[in-house]
Amino acid sequence: MFEMETHISGLFPEILAMIFSYLDVRDKGRVAQVCAAWRDASYHKSVWRGVEAKLHLRRANPSLFPSLHTRGIRKVQILSLRRSLSYVIQGLPNIESLNLCGCFNLTDNGLGHAFVQDIPSLRILNLSLCKPITDSSLGRIAQYLKNLEVLELGGLSNITNTGLLLIAWGLHKLKSLNLRSCRHVSDVGIGHLAGMTRSAAEGCLSLEQMTLQDCQKLTDLSLKHVSKGLAKLKVLNLSFCGGISDAGMIHLSNMTHLSSLNLRSCDNISDMGIMHLAMGSLQLSGLDVSFCDKIGDQSLAYIAQGLYQLKSLSLCSCHISDDGINRMVRQMHELKTLNIGQCVRITDKGLELIADHLTQLTGIDLYGCTKITKRGLERITQLPCLKVLNLGLWQMTESEKVR
C-alpha cells in the first residue's frame, strides 16, 4: 500500500477555476500572476461570472478589451473617461451593463459617436450625473438600445418631456427608470411614459420601478397617469415631490402590484392621504412618510386598518405619540423595520407597546427620540429578532448609564 501525495499544482484546471471563483476581484487578478497554469485557470469564464470591471480609461491599452472578453466580463463601470466612449463599445460588442455615473465630461456628441448601431446585448445603462447629456442622447438610446431594461438618469437637469417621449417611443422593455432631480420633467412627460399619448409613443408599460425623487413640477395628474398606464409598477419613489397631495393618493390606492411607496418629505401629504391609501386595495410591504409634517397619530390608526401587511414603515420626524403607537401595534404582525427617529413625543410607554406587540421586528431607529430612557430601551433590546438598533442622538443621563 502506498500513499499518493496531492499538490495544488496537480489539480485539474476546472477545479482551480472553481476555487478561484470564490475569491474577490483583486485576488482573482493576483492568482493569474502566479504561474501559467493558474493564469489559464483564472481566465475561465466561470471565475468572472457576474463581475463588473471598474476602469479608468486614460491611455490606449490594446490588451484591455481582449482580456475582458476572454474572461467573459460583460459589465463595465467607467470611473474616469479620458478616451472616447466608442472605444468601449467597439471593444466589448456583447456588453450587458454600462455604468458611466459621474462621467461629467461625457457629451451628447461623445455618446452619439458610440451608439451608431443596434446594441442588443445592453440591458443596463447608468448615466446619472453625466450633466451635459440632453434629450438628443435619449433619442440615440431609444433608437439603438431597444433591449434596455434599466436606465439611470439621476441628476440630468437638461432632460425634458421630449426626452421622455423618445424613451416611451423606443424602450418598451424598460423595467426600471430613475429620473431623480430631472427638474424639467412634468406631468406631460410622465403621461408619455404611461402610454397616454399612444399616437406618438406606446409607452414603457413594463416598468416595475420608477424613481421621481425631487421632480418638483409633478402634480397629482402624474399619479393619475401612473395608475392608469403603469399597472406593473412595484416600486415608486416620490420623495421630495412637493407638488403631489392627498388627492393623488386616491389614484395610487388601487395599484395592486405596488409593493413599495416612498413619500419622504412630501410636504402636502397628511393623514387624509394615508386614509386614501389604506382604503384602497394596496398590498404595500414598504411605506416611507418620514418628514411629512402633517402626518400624526390618525395615520397610524389608518395604517393598522388597511396597511397592516407592511414589513417596513418609516415615520421619522412625524408628529406621532405613544397614543398613535397604541392604535397601531396590535395589527402589524408582519412589521420587521420601524423607523421613528426624531419623533420627540415618543416615550418609554411607546417603546413598551412596541416591545410587547411587534415581536417580528429586526430593526428599529430611535435616533433623536429625546424622551426615552434606559427603562424603555431595556424592553426594546429584549425583542427576540432584533438585529439593528439605531440610537444616534439619544443620551442617557449619568445615573442611567450601565456601569
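The values are calculated or read from the model by the stated rules, or taken from the named source; none is laboratory data. These figures come from a predicted structure and were not determined experimentally. Here the Cβ is made from the backbone with ideal geometry for all residues, glycine too, and neighbour counts use every protein chain on show. Heads up: the accessible areas ignore ligands, DNA and RNA and are worked out on the full protein's heavy atoms, side chains in. Shrake-Rupley method; radii C 1.70, N 1.55, O 1.52, S 1.80 Å.
Could you say whether any residue in the stretch 240-255 is modelled with pLDDT under 95, open to solvent by 30 Å² or more (accessible area, probe 1.4 Å) and within 25 Å of the chain's Cα centre (by Cα)?
For the stretch 240-255, residues modelled with pLDDT under 95, open to solvent by 30 Å² or more (accessible area, probe 1.4 Å) and within 25 Å of the chain's Cα centre (by Cα): present.
Here is a yes/no grid of residues against (1) modelled with pLDDT of 95 or more; (2) more than 26 Å from K294 (Cα to Cα); (3) assigned by the TED database to the domain that holds G286:
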| position | (1), (2), (3) |
| --- | --- |
| L335 | yes, no, yes |
| R345 | yes, no, yes |
| G350 | yes, no, yes |
| Q360 | yes, yes, yes |
| I364 | yes, no, yes |
| G368 | no, no, yes |
| L383 | yes, yes, yes |
| L391 | no, no, yes |
| K401 | no, yes, no |
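Tell me which of these L174 doesn't satisfy, since it passes every other one: (1) in contact with a Lys or Arg (Cβ under 6 Å, 6 or more places away or on another chain); (2) modelled with pLDDT of 95 or more.
Going through the list (1) in contact with a Lys or Arg (Cβ under 6 Å, 6 or more places away or on another chain); (2) modelled with pLDDT of 95 or more, L174 breaks only (1).
So which residues in the stretch 256-273 are of a type outside the set (S, T, Y), open to solvent by less than 60 Å² (accessible area, probe 1.4 Å), without any contact (Cβ under 8 Å) to a residue 40 or more places away in the chain and touching a Gly at 6+ places or on another chain (Cβ under 9 Å)?
Those that are of a type outside the set (S, T, Y), open to solvent by less than 60 Å² (accessible area, probe 1.4 Å), without any contact (Cβ under 8 Å) to a residue 40 or more places away in the chain and touching a Gly at 6+ places or on another chain (Cβ under 9 Å): L261, L263, C266, I269, D271, G273.
Only residues in the stretch 200-211 that are not assigned by the TED database to the domain that holds G229 count as the first member; pair them with residues that are outside any loop (DSSP other than H, G, I, E, B) and open to solvent by less than 40 Å² (accessible area, probe 1.4 Å), Cβ under 8 angstrom, at least 6 apart or cross-chain, and list the lot.
Correct list of pairs: empty, since none qualify.
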